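Undergrad: For reference, the structure I am asking about is given below.
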């Protein structure tokens, strides 16, 4: 029985890696801010029953067994994105939601304004239509990323990143069909590994 359980966990981990891809658009230098695009990150809690945990430093998934550690930075479940801090985990994670801005023009994270996970709800990155990163169109029954919203992230180990959600649908279609597969995040981010708040 134990052996079967291990095989199932291994299969799930492999499925996550296969279903999600990344594209590094700048040199992967350990001392340089780099831009990465993640495609089709799965966040279907209806099937998994838990968050998909993700680490920004190496664009990797973190196993559910490590959800109570500082190994992950972000958790994705449906339209909810959490950071590793407070009631969610032992990390230094925090977030700021910037509105009406351009992703490329955000060159530095601020000193103040950071929100941590002090309670299960609401999370540090607000949920609900037009409250955080997305808009829900009830008539069309679609979820779209709000243009001009950039999420600033303090990682579990106190580094900084800026992130923008591009799509909530598989393969990020230009025109959304309400029947398209949802809970498949495409997003881009710039991670600064040197500990400073600058993204250039």
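The values are calculated or read from the model by the stated rules, or taken from the named source; none is laboratory data. These figures come from a predicted structure and were not determined experimentally. Because the Cβ atoms are built from the backbone with ideal geometry, glycine has one as well, and the counts that use them run over all protein chains shown.
Undergrad: Being in contact (Cβ under 8 Å) with a residue 12 or more places away in the chain and either over 16 Å from residue 81 (Cα atoms) or surrounded by fewer than 19 Cβ atoms within 10 Å (Cβ to Cβ) (or both) is the filter here, so list the residues in the range 28-38 that pass it.
TA: 30, 31, 32, 33, 34, 35, 36, 37
Undergrad: How many of the residues making up the range 39-54 are without any contact (Cβ under 8 Å) to a residue 24 or more places away in the chain and under 11 Å from the mean Cα position of the chain (by Cα)?
TA: 2
Undergrad: Sort out for me the strands (runs of 3 or more DSSP E) sitting completely within the range 97-165 that have 3 or more residues that are at pLDDT 95 or above and under 21 Å from residue 56 (Cα atoms).
TA: Fully inside the range 97-165 and qualifying: 150-154.
Undergrad: Can you tell me which of 137, 130, 157 is within 17 Å of residue 183 (Cα to Cα), out of contact with any strand residue (DSSP E or B) (no Cβ under 6 Å at 6 or more places or on another chain) and surrounded by fewer than 19 Cβ atoms within 10 Å (Cβ to Cβ)?
TA: 137
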